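Below is one structure, written out as structure tokens, with a few remarks after it.
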Amino acid sequence: MIEIQVLDGTGRPGPYHVKYGHLKVGSEQVQVGDEVQPGQTLAHRASTGRSTGRHLPFMGQEAGGRFLD
């Protein structure tokens with residue numbers, strides 16, 4: 001899983017973060033502390049668990065743990 005802290009527009013960490021799951025093991029192309037850009041490849045998706053094909057779960061959360069719609 002890759003988790004990204006979303007900046008608040010001033011370059012400071014904002015109250016939100018996003019998570020990408022079900023990634024291909026060893027395919028991560030970013031490290032902790034890296035700054036990422038829109039459209040940048042973070043890793044490759046995979047088919048894990050009881051899935052029927054490759055997919056990419058995407059979750060957004062507030063700092064308090066509440067999931068975003």
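Here are a few things to note about the model shown:
- Taking the inverse of the mean 1/r over every pair of distinct Cα atoms in the chain gives a Kirkwood hydrodynamic radius of 13.2 Å.
- Within the accessible area of the chain (1.4 Å probe), percent carbon and sulfur: 50 percent
- Interchain or long-range residues, amide H under 5 Å from LYS24's placed H: HIS44, ARG45, ALA46
- Placing a pseudo-label 7 Å from each Cα along the Cα-to-Cβ vector at GLN5 and GLN31 gives an inter-label distance of 1.7 nm.
The values are calculated or read from the model by the stated rules, or taken from the named source; none is laboratory data. Fair warning: this is a prediction, and the values are worked out from it, not measured in the lab. No Cβ is skipped: glycine too gets one built from the backbone with ideal geometry, and neighbour counts run over all protein chains shown. Just so you know, the surface numbers come from the protein's heavy atoms only, side chains and all, with ligands and any DNA or RNA stripped out. Shrake-Rupley method; radii C 1.70, N 1.55, O 1.52, S 1.80 Å.
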